[in-house]
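Asks: There's a structure below that I have some questions on.
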């Protein structure tokens, strides 16, 4: 099983500057590069201080100049916000900037807050359909001229300039339901899955959906499947308890953004009170500690061995947590030093 880092800039105090956060992002990715991680993933989000990533290709092109070997991936671009020609072309140029180290991850998006602002009237179903129309076009556009008449996009014969370094690049698709797993496999994509904070039963269920889709297409070589999970390697039991409280807070804010019901001012969502968070039992610290990869290195090695035996080929250390940078950094360093060698 290979290991990767899933990371964004996240601002939870107005006194933090975006320049400081950009520097911290670079530090974390350089640690991952030096530590032998396979990939660093950065997604796309708009208008949210909670997740700052308006165009991951910019971050990736910059980070390519600061790293030597780690692959750099979009985890993920939001398909309905892009024209196929633009996405294929910008991805190809970024692949050149990274000297062939780009992985292109694609999803339909998750936040209605973003849909309302980027594409008013868009719903999750239509976003998914737009993604399904786009994915097959990308490799065709990298291969040469293509004319397309579709439900969402139509264009006369065109290609993208430039082309990727090798003429192609790894494609990844975020999948949850059985149909999306099958679509990814049919279209030559690797699969990204996240159980969020639902725990090991959901992690097993996601693998079963993937295995079922693979069995339906025995003529297609089994693609990679990446498990994305919040991870914290603790220095002690007390440190693990602190991380559980911090990630409980993160998930309460994630839920608030997802529900899209609280006031938002200048990119910050209205602050949650302790009482607000205490009402959300599904994200209580003890539940978070049980369902996420939080614990000492020995605990996490055992847990990840279980995921490896399920068939996951990549495990992505999701570091976003609204916790102080030094805590993120120390946890990542412990993961590289104390966990990864057990899988080499």
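Please treat every number below as a calculation from the coordinates, not as lab data. What you see is a predicted model; the values in this text were computed from it and never measured. Positions of Cβ are generated from backbone atoms using ideal geometry, with glycine treated the same way; all protein chains shown enter the neighbour counts.
Asks: Based on the mean of other Cβ atoms within 10 Å per residue, sort peptides 13-23, 315-325, 292-302 so the most packed one is first.
Replies: The peptides rank, most packed first, as 315-325, 292-302, 13-23.
Asks: Treating the Cα atoms of the stretch 2-343 as identical point scatterers in vacuum, please give the log10 of the normalised Debye intensity I(q)/I(0) at q = 0.07, 0.09, 0.10 Å⁻¹, two decimals.
Replies: Log10 of I(q)/I(0), two decimals: -0.28, -0.47, -0.59.
Asks: Mind checking the log10 I(q)/I(0) for the stretch 38-106 at q = 0.23, 0.27 Å⁻¹? Debye, one equal scatterer per Cα, no solvent, two decimals.
Replies: -0.97, -1.25
Asks: Work out, step by step, the length gained on full extension between residue 143 and residue 26: first 0.36 nm times the residue separation, then minus their alpha carbon distance; give nm to one decimal.
Replies: Here the answer is 38.8 nm.
Asks: Helix 200-216 versus the longest principal axis of the chain: what is the Cα-based angle in degrees, 0 to 90, to the nearest 10?
Replies: Compared with the principal axis, the helix lies near 20 degrees.
Asks: Plugging the Kirkwood radius over Cα pairs into Stokes-Einstein for the stretch 187-344, at a temperature of 37 °C and a viscosity of 0.692 mPa s, what D comes out in µm²/s?
Replies: Stokes-Einstein gives a translational diffusion coefficient of 192 µm²/s.
Asks: If you find the alpha carbon centre of the stretch 213-290 and of the stretch 157-196, how far apart are they in angstrom?
Replies: One Cα centre to the other: 25 Å.
Asks: Out of 241, 177, 224, any idea which swings most in a Gaussian network model of the chain, alpha carbons joined below 10 Å?
Replies: Result for the chain, Cα springs under 10 Å: 177 fluctuates most.
Asks: Percent antiparallel among DSSP beta bridges with both residues in the stretch 2-343, to the nearest 5?
Replies: If we restrict to bridges inside the stretch 2-343, about 15 percent are antiparallel.
Asks: Would you please classify the overall shape of the stretch 48-195 from the alpha carbon gyration tensor, given that a ≥ b ≥ c denote the square roots of the eigenvalues, rounded means a/c under 1.5, and beyond that prolate means a/b larger than b/c while oblate covers the rest?
Replies: The shape class here is rounded.
Asks: Taking the chain as a Gaussian network, where each spring joins two C-alpha atoms under 10 Å apart, which residue of 173, 207, 277 fluctuates the most?
Replies: 277
Asks: Another question, then. When 337, 139, 303 are ordered from fewest to most other Cβ atoms inside 10 Å of their Cβ, what list results?
Replies: 337, 139, 303
Asks: So if each residue of separation counts as 0.36 nm, and I subtract the Cα-Cα distance between residue 290 and residue 337, what length gain in nm does that give?
Replies: Here the segment from residue 290 to residue 337 would lengthen by 14.6 nm.
Asks: Suppose the chain between residue 344 and residue 273 were pulled fully straight at 0.36 nm per residue; how much longer would it get relative to their current alpha carbon spacing?
Replies: 21.2 nm
Asks: When a/c is below 1.5 the answer is rounded, else prolate if a/b is larger than b/c, else oblate, so apply that to the stretch 180-226 with a ≥ b ≥ c taken from the square roots of the Cα gyration tensor eigenvalues.
Replies: prolate
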